[in-house]
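Reading through the structure tokens given below for one structure.
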Amino acid sequence: MIKLGKLLANLGYGSRKEVARMIKRGAATDLEGNELTEKSLVEPEGVLFLGEELDPVAPLTIILNKPCGYTCTTDDTGDSVYELLPYRMLKRNPIVACVGRLDKDTSGMLIMTDDGKLQHKIIHPKSNVGKVYDVLLDRPLTGKEAEIFESGEMLLKDEIKPLKPAQIEVIDEKRARVTLHEGRYHQVRRMFAAVGNHVLELKRISMGNLAMPDDIEEGDWRMISDEELAQIFGK
Ligand code: URA
């Protein structure tokens, strides 16, 4: 049981003051329609706010089909992925954060969670969650990319630690599918720049064994299922 005011503030419905004001005006009821007070001790699933069930409490993990043009920052600049979610997602405590950022101009699968342990587990090298990207290139592939990307010796500009071996599957002369086992800054774009090419389009299509579910249109999101979460770790 938790105090209603604290619960609503943690879920991002407003500051403590704002939710207190709304509760006073009768915005929160139990399932029978009885008005609650800020100090009511409640179970989250027993509360309706403005007539609707509350968002799930932590841990909450969502899967988003990110369009190009959105950043993974929490800045209120108007072009962050939080624009695609209810505003309260940005105001939750703990915050729902991106797991492994995508560039502004990269589209595709993005996991967001308020579960710090899960976040850590997905990005930890030991979990070896492969991330697969579809790439459209400016120039034709030369045929040398596979050997270089898979060598385990490839160096990116201004870095001293070689990249882990990455796999590339050629789709046609300017299209490829690349699998990474780490997540360095602009990694795919920099890998192709290092072999004299240029990435025109980049889309993440899967993480581990989880492909981007086709029921989520670009710009949409939903809660991830337990089964999908397990697939990220290859199950
Ligand atoms: N590699 C990139 O260059 N950009 C991304 O967004 C993801 C991987």
So if I check each of ASP115, ASP138, which one is of a type in the set (Asp, Glu), more than 19 Å from SER206 (Cβ to Cβ), surrounded by fewer than 21 Cβ atoms within 10 Å (Cβ to Cβ) and within 13 Å of the chain's Cα centre (by Cα)? ASP115
Could you please find all residues in region 163-181 being surrounded by 14 or more Cβ atoms within 10 Å (Cβ to Cβ) and either of a type outside the set (A, V, I, L, M, F, W, C) or farther than 16 Å from LEU141 by Cβ (or both)? LEU163, LYS164, PRO165, GLN167, LYS174, ARG175, ARG177, THR179, LEU180, HIS181
Hey, any hits in region 74-94 for a residue that's within 14 Å of the ligand (Cβ to nearest atom) and buried (at least 17 other Cβ atoms within 10 Å of the Cβ)? yes
Of LEU180, LEU202, the only residue that is within 19 Å of PRO67 (Cα to Cα), in the same structural domain as LEU163 (by TED's automatic domain parsing), touching a Gly at 6+ places or on another chain (Cβ under 9 Å) and within 14 Å of the ligand (Cβ to nearest atom) is LEU202
In this structure, is GLY152 in a loop (DSSP other than H, G, I, E, B) and farther than 25 Å from ASN128 by Cα? no
Is it fair to say ASP105 is surrounded by 14 or more Cβ atoms within 10 Å (Cβ to Cβ), in contact (Cβ under 8 Å) with a residue 60 or more places away in the chain and in contact with a Cys (Cβ under 6 Å, 6 or more places away or on another chain)? yes
With respect to GLU227, is the statement that it is in the same structural domain as ASP105 (by TED's automatic domain parsing), within 27 Å of VAL81 (Cβ to Cβ) and touching a Pro at 6+ places or on another chain (Cβ under 6 Å) true? no
What are the residues in region 115-135 that are more than 16 Å from the ligand (Cβ to nearest atom) and either touching a strand residue (DSSP E or B) at 6+ places or on another chain (Cβ under 7 Å) or of a type in the set (A, V, I, L, M, F, W, C) (or both), if any? ASP115, LEU118, GLN119
In contact with a Gly (Cβ under 8 Å, 6 or more places away or on another chain) and either modelled with pLDDT of 95 or more or not assigned by TED's automatic domain parsing to the domain that holds GLU218 (or both): which single residue out of GLU52, GLU45, GLU18, GLU35 fits that description? GLU35
Any chance GLU218 is in contact (Cβ under 8 Å) with a residue 40 or more places away in the chain, more than 12 Å from the ligand (Cβ to nearest atom), over 18 Å from SER107 (Cβ atoms) and not assigned by TED's automatic domain parsing to the domain that holds GLN167: no
Name the residues in region 184-200 that are crowded, with 16+ Cβ neighbours inside 10 Å and of a type outside the set (A, V, I, L, M), would you? GLN187, ARG189, ARG190, PHE192, ASN197
Does region 197-228 hold any residues that are part of a loop (DSSP other than H, G, I, E, B) and among the β-branched types (Val, Ile, Thr), and which are they? ILE216, ILE224
Going through (1) surrounded by 13 or more Cβ atoms within 10 Å (Cβ to Cβ); (2) among the polar types (S, T, N, Q); (3) modelled with pLDDT under 95 one by one, SER206 fails only at (3)
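The values are calculated or read from the model by the stated rules, or taken from the named source; none is laboratory data. Model, not experiment: these values are computed from the prediction. Reconstructed Cβ throughout: ideal geometry from the backbone, glycine too, with neighbour counts over all protein chains shown.
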